[in-house]
Amino acid sequence: MNTHTRYRFTCTLSFGDIYGQIIVWLIVIFASLGAALSLMNSPLYAFLTIALILVISLPFLLFAFVTTLLNHIEFVAVPPEAEEERAVAAKSRMAVG
C-alpha cells in the first residue's frame, strides 16, 4: 500500500492581481523622474535622487510581488482514485503509441 499522498501544484495568479502594483511602481518611477528634472541644475543631485528613490522602493516592490505570488499558490491533495485513473490512462497511451 502506498502511504504517500500526491499533491497537485496550482498557481492562480493572473495579470489583474498585480495590475495595481504595476501602476503604483510606474507612479514611483515618474515621481523620481520628476524630482530629478527639478534638480537638473546639478546632475549629481538628479542622479542621486533617482537612485535613492529606486533603491528605497525596490524592496517594497519585490516584497509585494513575492507575497502576491505566494498567496496564489495552492497545493491540492490528489485523491488516490484520480491518481489510479491517471496511471491507467498513461499506460493505455503508451500501449497505443
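Go ahead and estimate [θ] at 222 nm for the chain from helices alone: -39,500 (n - 2.57) per DSSP H run with n ≥ 4, summed, over the residue count, rounded to 500. Intermediate values should be presented prior to the final figure.
Details: 3 runs with 70 residues, N = 97.
Result for the chain, helices only: -25500 deg cm²/dmol.
How would you classify the chain from its alpha-carbon gyration tensor, with a ≥ b ≥ c the square roots of the eigenvalues: rounded for a/c under 1.5, else prolate if a/b is greater than b/c, otherwise oblate?
Details: a/c = 4.75, a/b = 3.85, b/c = 1.23.
Prolate, because a/c is 1.5 or more and a/b exceeds b/c.
Just check the range 24-80 against the gyration tensor rule for me: Cα atoms, a ≥ b ≥ c as the square roots of the eigenvalues, rounded for a/c under 1.5, and otherwise prolate or oblate depending on whether a/b exceeds b/c. Walk me through the intermediate numbers first.
Details: a/c = 8.05, a/b = 4.47, b/c = 1.80.
Judged from the Cα gyration tensor, the range 24-80 comes out prolate (a/c at least 1.5, a/b above b/c).
Relative contact order for the range 7-96: what is it in percent, counting Cα pairs under 8 Å that are at least 6 residues apart? If you can, show how the numbers build up before the last one.
Values: 54 pairs, mean separation 42.6, N = 90.
Relative contact order, the range 7-96: 47 percent.
With labels modelled as points extended 7 Å from the Cα through the Cβ direction, what inter-label distance (nm, one decimal) is found for residue 48 paired with residue 86?
5.7
Just to be sure I understand the model, the point goes 7 Å from the Cα along the line to the Cβ. What's the resulting residue 60 to residue 14 distance in nm?
2.8
Nearest 0.05, what FRET efficiency do residue 71 and residue 37 give at R0 = 30 Å with Cβ-Cβ as r?
FRET efficiency, residue 71 to residue 37: 0.20.
Place +1 on the Cβ of every Lys and Arg and -1 on the Cβ of every Asp and Glu in the chain, take the dipole about the Cα centre, and give the residue among 28, 49, 11 whose Cα lies farthest towards its positive end.
49
None of the figures in this text is laboratory data; all of them are computed from the coordinates on show. Here the structure is a predicted model, which is why all the values come from computation and not from measurement. Here the Cβ is made from the backbone with ideal geometry for all residues, glycine too, and neighbour counts use every protein chain on show.
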